[in-house]
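Notes to accompany the following structure.
The values are calculated or read from the model by the stated rules, or taken from the named source; none is laboratory data. The shown structure was predicted, so the numbers you read here are calculated from the model rather than taken from an experiment. Quick reminder, even Gly has a Cβ in these numbers, built from the backbone with ideal geometry, and neighbours come from all protein chains shown.
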Amino acid sequence: MAELLVIRHAQASFGQDNYDRLSDLGHRQSELAGDALRANGWVPDRLLTGTLTRQAETLRSMGFDAAPEQHAGFNEYDFHDLLHVKFGGKVPDMVKADRKTHFRTLRETILEWQAGGLVGARETWLGFAARVAEALVFATQDKAERVLVVSSGGPIGQLTASTLGAPPAQMMNLNLQVKNTSMTKFVFSRGRVFLHQFNATPHLDSAETAPLLTYS
């Protein structure tokens, strides 16, 4: 069966005005991820990303210089927009600056969104789920044997949950577990897709590299 390896982008610039770029640590995480793939002889014959800068930067820092194909279905949901709707345009400072508060609010907001709330957001939950499903079809529709995708935590959580037939709420539980540059592998054949591995970080498992592990 063919392999689809979906990697979450490396650490971005949390708390900065422009989140959509890698931190210095993010570039290092990406280098280690790319080195790990090459050390195992895993060479992709197709490269994909969403349209986000942090995804493209991750792929380049992994050592893959060829221009990837892009599909917006691999982009993250717009959490800033969802927060804007949830709080009527006045997002509390603690939500923006404090990590614990941020991720607790993230979970609460996405569950509300999935239940049909946050009317007026730029994207509905059903719209998000549909574009992720379309991205999966796009990534697995040709004859490539090893497809490498750089995506984000939300789409990876949704790809995993939908492949397992899990309820929508499980997507958020998975989303919050996805580590920067973690590797989630699917195998596919003739329109069938199966989860093979979730959220692995072999390049960050040693005592030397463990301190480089991040979730945002």
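Here's the yes/no breakdown for (1) of a type in the set (A, V, I, L, M); (2) more than 27 Å from LEU213 (Cβ to Cβ):
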residue	(1), (2)
TRP42	no, no
GLU76	no, no
GLU108	no, no
LEU111	yes, no
ARG122	no, yes
TRP125	no, yes
LYS143	no, yes
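In the range 139-155 there is at least one residue that is in a helix (DSSP H, G or I), in the same structural domain as PHE198 (by TED's automatic domain parsing) and over 12 Å from GLU76 (Cα atoms). Of THR181, THR105, THR109, all but one fail to be within 17 Å of the chain's Cα centre (by Cα) and surrounded by 15 or more Cβ atoms within 10 Å (Cβ to Cβ); the exception is THR181.
Considering only the range 4-86, give the helices (runs of 4 or more DSSP H) lying wholly within it that have at least 2 residues that are without any contact (Cβ under 8 Å) to a residue 24 or more places away in the chain and surrounded by 15 or more Cβ atoms within 10 Å (Cβ to Cβ).
On the way: elements: 24-39, 53-61, 79-86.
Answer list for the range 4-86: none.
Residues considered: LEU111, LEU118. Of these, the only one that is assigned to a loop (DSSP other than H, G, I, E, B), in contact (Cβ under 8 Å) with a residue 12 or more places away in the chain, among the hydrophobic types (A, V, I, L, M, F, W, C) and outside the structural domain of SER23 (by TED's automatic domain parsing) is LEU118.
If you take the residues in the range 162-178 that are of a type in the set (A, V, I, L, M, F, W, C) and not in a loop (DSSP other than H, G, I, E, B), which one is surrounded by the most Cβ atoms within 10 Å (Cβ to Cβ)?
MET171
Here ALA56 fulfils each of the conditions (1) closer than 23 Å to LEU204 by Cα; (2) out of contact with any Ser or Thr (no Cβ under 8 Å at 6 or more places or on another chain) apart from (2).
Residues being within 17 Å of PRO44 (Cβ to Cβ) and either outside the structural domain of ARG104 (by TED's automatic domain parsing) or touching a residue at least 24 places away in the same chain (Cβ under 8 Å) (or both) are entirely absent from the range 206-215. Within the range 117-126, being surrounded by fewer than 14 Cβ atoms within 10 Å (Cβ to Cβ) and over 18 Å from ALA166 (Cα atoms) holds for VAL119, GLY120, ARG122. Just need a number here: residues in the range 15-50 that are polar (S, T, N, Q) and within 24 Å of HIS102 (Cα to Cα). Selection size over the range 15-50: 4.
Of PHE186, PHE194, all but one fail to be in a strand (DSSP E or B), surrounded by fewer than 21 Cβ atoms within 10 Å (Cβ to Cβ) and in the same structural domain as ARG54 (by TED's automatic domain parsing); the exception is PHE194. Filtering ALA67, ALA33, ALA56 for residues that are outside the structural domain of ASP93 (by TED's automatic domain parsing) and touching a strand residue (DSSP E or B) at 6+ places or on another chain (Cβ under 6 Å) leaves a single hit, ALA56.
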